[in-house]
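The values are calculated or read from the model by the stated rules, or taken from the named source; none is laboratory data. Quick caveat, the model's predicted, so the values are computed rather than measured. For neighbour counting, all protein chains shown are included, and Cβ atoms are generated from backbone atoms with ideal geometry for every residue, glycine included. For accessibility, only protein heavy atoms count, side chains too; no ligands or nucleic acids. Shrake-Rupley method; radii C 1.70, N 1.55, O 1.52, S 1.80 Å.
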Amino acid sequence: MLRIVTGPFHPALDRALVEDIRSCKTDDPFARLAVIVPSASLVEQLEQVLTRHEPHAFLNIHFLTFHQLALRLRDDLAAVSETSSEPTLQLVDDFFFEQLVRQVVRRKLPGLEPLTRLPASPGTWKGLWATVRDLKDAVVAPTTALKALTEGVFEEDDHTWLHSMFTLHAAIMEAGRSLGVGSPDDLAASLGRDLSGSSFLKGLQHLFYYGFYDLSQVQLSFFESVVRVTPTTLYFPLQESSAFFFARQFFERHLLPLADSHEDRSGEGGRTATLELVELSVTNVIGVEEELATVCREILTLVEVNGYRFDEIGVVARTLEPYQARLQSVFDHHLIPFTSTAGRPLAREPLVKILLRLASLPLNDFDRVAMLDVVTSPFYHAQGTGSARVNLRPDVWRSLVYTLGITKGEAEWRRLAEPASSSILRDAESEPDEDDQTMLGTRETSQLTYLWELVSRLIHDCRALPVRGSIGTLTDAFLTLVESQVHVPGLFDAPSLELPEPADLSKVGSLIRSSLARLRELDPLGGDLSWEEWAELFRLVLDETSIPIEEERHQGVQVLDAMTARGRTVRALFVLGMNEKLFPRYVREDPFLRDRQRVVLESTLGYKIDEKLAGHEEELLLFELLSRSATNRLYLSYQRADETGRVMAPSGFIAM
């Protein structure tokens, strides 16, 4: 049984959820309930709402995201069917599938000829996988799509290209099945349409879905399967406004036919009534740093003058990427505590840069810049120099190497061990350079011996690296090299006997370890890689990894991206980056599956696959939901120019 409640998030849907949970708990305080939401951020929001209005409701209530529910049901159903010989699906990320697409295209299978002519770049594999993922999420059957091509359903000019895309889709699905891997949506699809064997679902008195306004076909089918087993109430954000066109389309086409009853609460907290109580301010600035600083000054005014708490204030941007480099420094400068979903790139960390330098040494023939960066790094293991280790002078090594004219190659590095090098250094010291200054450190001829010991050991270990091999073999070889040359906290299991590492450095080491684990996951794809190809994969996986700027939960300002912030409520909300192509984001068609082709898949073949240009309507809905989440004050901020003086256009949403 499915009951649907529609209306604004606040206060209508919040209030309806609290009332329904209270009703379930009135007769039986131990009634088993579950609340399912799209994100962990929304779990936190609902827990706060219940804490304020119904603090006793937490007894025997489960808060789960969509993915957590799928994992719970997988374990539940696996316990019931212990005799099943079907292997457990291994969950992998987008990076795995991008590399799988790369492997499939490079094998030049029949039917993929148009794809082999595409540039072999990471962006190509990322784009192709995004298209294949859309087809998978829409549960498009490749055989049906290929048959439709022969029947003339698609335009004739598109046949060759679409045949290659549907063939790639089929190949990826077959590879995923044979490897036993899948995405979180594959996990939901693998559970099947019959969930009646789940003791978890059957043990629930009621289940509540809250907070989504769209689902893929896989998620929708999973939702239908859950509803058939457990009495369910869905709280869906919907109002009589053009901004809700995107949500209304999905609601009327896919949800309303499933509903046994529909309760419309859109009259509670309508837009006019809500926004009349909200004070709106629009500001414009020059550059990202000034935009953040302006927000921080206004936050301090709200706290110190108007009595706001920090956790009653939210800062949101469509994406936090333009702000992540300066976010922490600006907020720390103004002494404002905050929590955030933003992260800084892992690849910018000094330790990570050293590892990338280390991996590149065999490729650039031991270039002196890379070599010196490694051996002078504070993370480098200065072992093998015996008792002389205390006399090491990394500060003078660079001048020694430049004086000896070493540029690259093992032969040139051997100059460090030649007897003539000492006299060359003495002669260089007696001859001042162009600025009439002697070369720093040339007297330190004893450093030649120490430096050669380090460099020769490093070159020897790098020479031991395999030229080609499987991803697992090359990853293991690199780990062996790192263990002997660089100190990476948390990378290896052996406990450190030295002083405890700083928390930030341990976090970096842990993320490096997880990045290498992601590389290992690619080993089942098979095939040998060159060391250069492996180093490029290592760089890519590090580029895609970020370090949370401030992930600990505390009562600070909430700095979130717009997708995470939907459904939350704050007293004062600052929306940053209200510029065209930022919010709304730049929406364009999928170059590999155009909207006209998606329309045929949906309207003619019956698959739920969205047009990419429909993203305009979703952006409008997202802004509408954000503007309603502020209960007292709403601040919109845009840049009239960036730091270089380039003029930037304000968002059309500001005039709404």
Under the condition of being hydrophobic (A, V, I, L, M, F, W, C), under 42 Å from the mean Cα position of the chain (by Cα) and not in a loop (DSSP other than H, G, I, E, B), which residue from the stretch 390-400 is surrounded by the most Cβ atoms within 10 Å (Cβ to Cβ)?
-> 397
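Every residue, every condition in (1) surrounded by 21 or more Cβ atoms within 10 Å (Cβ to Cβ); (2) hydrophobic (A, V, I, L, M, F, W, C); (3) in contact (Cβ under 8 Å) with a residue 24 or more places away in the chain; (4) in contact with a strand residue (DSSP E or B) (Cβ under 8 Å, 6 or more places away or on another chain), yes or no:
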{"site": "236", "(1), (2), (3), (4)": "yes, yes, yes, yes"}
{"site": "246", "(1), (2), (3), (4)": "yes, yes, yes, no"}
{"site": "287", "(1), (2), (3), (4)": "no, no, yes, yes"}
{"site": "304", "(1), (2), (3), (4)": "no, no, no, no"}
Residue check for residue 473: part of a helix (DSSP H, G or I), farther than 20 Å from residue 514 by Cα and open to solvent by 10 Å² or more (accessible area, probe 1.4 Å) = no
Search result, residues across the stretch 408-421 that are open to solvent by less than 60 Å² (accessible area, probe 1.4 Å) and either in contact with a Leu (Cβ under 7 Å, 6 or more places away or on another chain) or in a loop (DSSP other than H, G, I, E, B) (or both) | 409, 416, 421
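Being of a type outside the set (Gly, Ala, Ser), part of a loop (DSSP other than H, G, I, E, B) and closer than 17 Å to residue 70 by Cα: is that true of residue 204 here? Before you say what the answer is, go through the steps one by one.
Working: of a type outside the set (Gly, Ala, Ser): yes; part of a loop (DSSP other than H, G, I, E, B): yes; closer than 17 Å to residue 70 by Cα: yes.
So residue 204 passes the test.
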Please go through the stretch 11-56 and pick out each residue that is over 12 Å from residue 568 (Cα atoms), touching a Ser or Thr at 6+ places or on another chain (Cβ under 9 Å), open to solvent by less than 10 Å² (accessible area, probe 1.4 Å) and in a helix (DSSP H, G or I).
-> 12, 16, 17
Right, residue 166: in contact (Cβ under 8 Å) with a residue 24 or more places away in the chain, open to solvent by less than 20 Å² (accessible area, probe 1.4 Å), farther than 30 Å from residue 49 by Cα and in a helix (DSSP H, G or I) or not?
-> yes
Is one or more of the residues making up the stretch 21-34 under 26 Å from residue 312 (Cα atoms) and not β-branched (Val, Ile, Thr)?
-> yes
Yes/no for residue 103 being modelled with pLDDT under 95, on the phi < 0 side of the Ramachandran plot and touching a strand residue (DSSP E or B) at 6+ places or on another chain (Cβ under 8 Å) = no
Which of (1) surrounded by 18 or more Cβ atoms within 10 Å (Cβ to Cβ); (2) over 18 Å from the mean Cα position of the chain (by Cα); (3) not β-branched (Val, Ile, Thr) is the odd one out, the single condition residue 542 does not satisfy?
-> (2)
Number of the exception - residue 263 against (1) open to solvent by 70 Å² or more (accessible area, probe 1.4 Å); (2) of a type in the set (D, E, K, R); (3) touching a residue at least 24 places away in the same chain (Cβ under 8 Å) | (1)
Please specify each residue of the stretch 362-378 satisfying the condition of being open to solvent by less than 30 Å² (accessible area, probe 1.4 Å) and at positive phi.
-> 366
Considering only the stretch 321-341, state which residues are over 16 Å from the mean Cα position of the chain (by Cα) and β-branched (Val, Ile, Thr).
-> 330, 336, 339
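Criterion first (under 17 Å from the mean Cα position of the chain (by Cα), modelled with pLDDT under 95 and open to solvent by 20 Å² or more (accessible area, probe 1.4 Å)) does residue 521 satisfy it?
Values: under 17 Å from the mean Cα position of the chain (by Cα): no; modelled with pLDDT under 95: yes; open to solvent by 20 Å² or more (accessible area, probe 1.4 Å): yes.
Taking the combined requirement at face value, the residue does not satisfy it.
Scanning the stretch 289-302 for residues that are of a type outside the set (A, V, I, L, M, F, W, C) and touching a residue at least 12 places away in the same chain (Cβ under 8 Å), which turns out farthest from residue 329 (Cα to Cα)? Lay out the reasoning, then the answer.
First, the residues of the stretch 289-302 that are of a type outside the set (A, V, I, L, M, F, W, C): 289-291, 294, 297-298, 301.
Narrowing further to those that are touching a residue at least 12 places away in the same chain (Cβ under 8 Å): 289, 291, 294, 297-298.
Details: 289: 10, 291: 13, 294: 14, 297: 14, 298: 17 Å.
In this case the residue turns out to be 298.
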Going through the stretch 146-163 one residue at a time, which ones are surrounded by 14 or more Cβ atoms within 10 Å (Cβ to Cβ) and either part of a helix (DSSP H, G or I) or charged (D, E, K, R) (or both)?
-> 146, 148, 149, 158, 161, 162, 163
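Can you name the residue in the stretch 181-203 that is more than 20 Å from residue 236 (Cβ to Cβ) and hydrophobic (A, V, I, L, M, F, W, C) and is also most open to solvent (accessible area, probe 1.4 Å) among such residues? Before you say what the answer is, go through the steps one by one.
Taking the stretch 181-203 as the starting set, the residues that turn out to be more than 20 Å from residue 236 (Cβ to Cβ) are 181-187, 189-203.
With the extra rule that they be hydrophobic (A, V, I, L, M, F, W, C), the set shrinks to 181, 187, 189, 191, 195, 200-201.
On the way: 181: 14, 187: 1, 189: 61, 191: 23, 195: 1, 200: 5, 201: 1 Å².
This residue is 189.
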Single residue of the stretch 78-100 satisfying the filter (over 30 Å from residue 130 (Cα atoms) and in a helix (DSSP H, G or I)) that is modelled with the highest pLDDT = 78
Flag for residue 582 being open to solvent by less than 10 Å² (accessible area, probe 1.4 Å), of a type outside the set (S, T, N, Q) and touching a helix residue (DSSP H, G or I) at 6+ places or on another chain (Cβ under 8 Å) | no
Taking the stretch 275-285 only, how many residues are open to solvent by 60 Å² or more (accessible area, probe 1.4 Å) and not aliphatic (A, V, I, L, M)?
-> 3
Identify the single condition in (1) open to solvent by less than 40 Å² (accessible area, probe 1.4 Å); (2) assigned to a helix (DSSP H, G or I); (3) at pLDDT below 95 that residue 69 does not satisfy, given that it satisfies every other one.
-> (3)
Restricting attention to the stretch 344-361, which residues are buried (at least 18 other Cβ atoms within 10 Å of the Cβ) and outside any helix (DSSP H, G or I)?
-> 349, 361
Report, by residue number, each residue of the stretch 231-266 that is within 17 Å of residue 220 (Cβ to Cβ) and aromatic (Phe, Trp, Tyr).
-> 235, 236, 246, 250, 251
(1) under 16 Å from residue 295 (Cβ atoms); (2) in contact with a Gly (Cβ under 7 Å, 6 or more places away or on another chain): which one isn't true of residue 626, the others all being true?
-> (2)
Number of the condition not met by residue 505 [criteria: (1) at pLDDT 95 or above; (2) in contact with a helix residue (DSSP H, G or I) (Cβ under 9 Å, 6 or more places away or on another chain)] | (1)
